[in-house]
């Protein structure tokens, strides 16, 4: 990757993350609970254990990103 | 949280005040990892100091760098308190890793007559804050202080990782006999919420994890390190500052603004956006409070060490006590009897 423009654009996108995340509170809570549950119970945390919840969060997130795009 | 306990960093003898990653420019962390596990004299630093210098310079050039100063100001004030606790006037003092002079702004001319401020990032020195003490600012590598031995009556340092490496060969050397060193650094619990959230997210999303938060020294190791560096009469105490943020991304942004991004050799250069998103959700759920804010913990160790001189008070020999602790209640009688 070359040029400063890439970094600036990437940072700009990242700066919007908090507000987009705020719009997906339910999905975030569901995902967080799923992961937190694995730390206490007998289930071990492995890859994709909470994949369903994460996909839901990601969908919501990308939807929010599309609708608020300039 | 058993998984979180397992995931707590090795708590080894490395130290550094640092923080979450977020891809700054990645200077290819060339395979020279080997985080030095021992603080011995030949140990190579586990941190990329060139990168740290660039990060500090970058942070100092941002618009409104003072916005990120809140933590350093607080710790600088507490270090200055400890300087005041020592009822002496120090003719010549040194501040290693001064930043914009967080400690100096709280000190006064009666306590410190002249102050040298050293920092490796020249841009940070351009933002120095006002202080009534005559000051000289020096841009120098904190590991190679350009001063003669036995120069300073007081050396202070606040939240600089290079401290431990420097302690023996530099700070102890430039101190005069009966000089004192007062330092503050980040402790093992610092940013544990961030560390755990990132680790859990990476495990769940990617199947493995790598360190994104630098390892910190254990408080027990600190005493040994200071002792081996040659300091006497050590005092170490710990403090915890908890700062609340709206969310994980704001924490990472503030850490970057403070110039505290990760710079250890074994850092992973990339943090995927999905992992960050997952970590933010986990952070919120595991540590968030009712109003939606999340806390970030900064554990600070304060250390005071003295350079040996004949006239210093020394701990008495074991078994030479003349009164017992059990007589503490009768202390008034004991004192008047002695008179």
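The values are calculated or read from the model by the stated rules, or taken from the named source; none is laboratory data. Quick caveat: nothing in here was measured; it's all calculated off a predicted structure. Cβ coordinates were reconstructed from backbone atoms using ideal geometry, including for glycine residues, and neighbour counts include every protein chain displayed.
Yes/no matrix, rows are residues, columns are (1) assigned to a loop (DSSP other than H, G, I, E, B); (2) more than 14 Å from chain A (Cβ to nearest Cβ):
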position	(1), (2)
B:136	no, yes
B:144	yes, yes
B:160	yes, yes
B:172	no, yes
B:190	yes, yes
B:203	no, no
Just give me the residues in segment A:33-62 being over 12 Å from the mean Cα position of the chain (by Cα), surrounded by 18 or more Cβ atoms within 10 Å (Cβ to Cβ) and part of a helix (DSSP H, G or I), in sequence order.
A:34, A:35, A:36, A:38, A:39
Are any of the residues in segment B:123-134 assigned to a strand (DSSP E or B) and within 22 Å of residue B:81 (Cβ to Cβ)?
no
Considering only residues of segment B:263-275 that are touching a strand residue (DSSP E or B) at 6+ places or on another chain (Cβ under 9 Å) and part of a loop (DSSP other than H, G, I, E, B), which is nearest to the other protein chains (Cβ to nearest Cβ)?
B:263
Hits in segment A:35-67 - residues which are more than 22 Å from residue A:25 (Cβ to Cβ) and either in contact with a helix residue (DSSP H, G or I) (Cβ under 8 Å, 6 or more places away or on another chain) or facing chain B (nearest Cβ under 7 Å) (or both)
A:40, A:43, A:44, A:45, A:46, A:47, A:48
Within segment B:288-318, residues within 10 Å of chain A (Cβ to nearest Cβ) and touching a strand residue (DSSP E or B) at 6+ places or on another chain (Cβ under 9 Å) come out as B:288
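Table: residues versus (1) at pLDDT 90 or above; (2) in a loop (DSSP other than H, G, I, E, B).
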site: B:55; (1), (2): no, no
site: B:63; (1), (2): no, yes
site: B:66; (1), (2): no, no
site: B:76; (1), (2): yes, no
site: B:79; (1), (2): yes, no
site: B:87; (1), (2): no, yes
site: B:93; (1), (2): yes, no
Can you work out which of the residues in segment B:205-229 that are farther than 30 Å from residue B:274 by Cα and buried (at least 17 other Cβ atoms within 10 Å of the Cβ) is nearest to the other protein chains (Cβ to nearest Cβ)?
B:218
So residue B:278 clears everything in (1) surrounded by fewer than 19 Cβ atoms within 10 Å (Cβ to Cβ); (2) facing another protein chain (nearest Cβ under 10 Å); (3) touching a residue at least 24 places away in the same chain (Cβ under 8 Å) except one condition, right? Which one?
(1)
The one condition residue A:8 fails out of (1) exposed (fewer than 13 other Cβ atoms within 10 Å of the Cβ); (2) at the interface with another protein chain (Cβ under 8 Å from one of its Cβ atoms) is (2)
Restricting segment A:12-32 to residues that are surrounded by fewer than 16 Cβ atoms within 10 Å (Cβ to Cβ) and part of a helix (DSSP H, G or I), the one farthest from the other protein chains (Cβ to nearest Cβ) turns out to be A:12
